[in-house]
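Input: a single structure, listed below in structure tokens.
Every number in this text was worked out from the coordinates using simple rules, so none of it is lab data. Just so we're clear, the structure is a prediction, and the values are computed from it rather than from any experiment. Methodologically, a virtual Cβ is constructed for each residue, glycine included, from the backbone with ideal geometry; neighbour enumeration extends over all protein chains shown.
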Amino acid sequence: MSTAQSGSSNKNKSKQQRGGFVLGLIVGLLLGLAVALGVALYIAKVPIPFIDKVPQRTAEQDAAEAQRNKNWDPNAPLAGKAGVKASGVVSGAPAPAAPAQVAAPASTAPAVAPPAPSASAAAPKAADKAPEKAADKAADKKAEAKAAAASAAAAAADPNLYFVQAGAYVKNEDAEQQRARLALLGFSAKVMEKEQSGRTVFRVRIGPIDSRDEAEGLQRKIEAAGIEANLVGVKR
């Protein structure tokens, strides 16, 4: 009999403990929610740094600022304390006999020319272009050296020198006229005198030229300009 009573009492104690634990859990949750709600309300009422300190602008303030920007006069700061107007005319007391003059509007003020770029700003550009110019000069020198070597090789292989003859005349005056005509076209010619069949002949020639190909190209250019030309080869 005593054993049954002790078992029932233990069951009652365990039920009470479970009920107390559940009750404590519920109370703890409620307290936590209340604390969280209080913290949230406190944070909502506290001003946020760097944001709430900035005054809020109204639509009237925005409209007033837009009107000021619309009527902004760039020459207004040029007016000094001594009565200098935006147009650059000094206001003073008018002469009694002189008619009143109307000051020119601020919009007619002379435009201020932009400042010229300083030498220090142009210096880096010149420094940047210096290596490019040096490289171009080196490339030109190499090309000239190659052309000279090619012409020397051609001269060694060809035993002749070449002239492009643009006419032979009995009178020196006619030869000089032909030479002047070639000069106007950009060709530098010479008048060469020679005895031929007992008579003096004046020949208009361009040269000497080492390469036959170069001489033939010059001949074609002269003929394209409307002047008859011949290729003449002479032993070196």
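Data table
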read-out: Extension gain (nm, one decimal) between GLN16 and ALA149, 0.36 nm per residue minus Cα-Cα; value: 36.2 nm
read-out: Difference of contour (0.36 nm per residue) and Cα-Cα distance, TYR169 to GLU195; value: 8.2 nm
read-out: Dipole magnitude of the stretch 160-235 about its Cα centre (Cβ charges: Lys, Arg +1; Asp, Glu -1), debye to nearest 20; value: 120
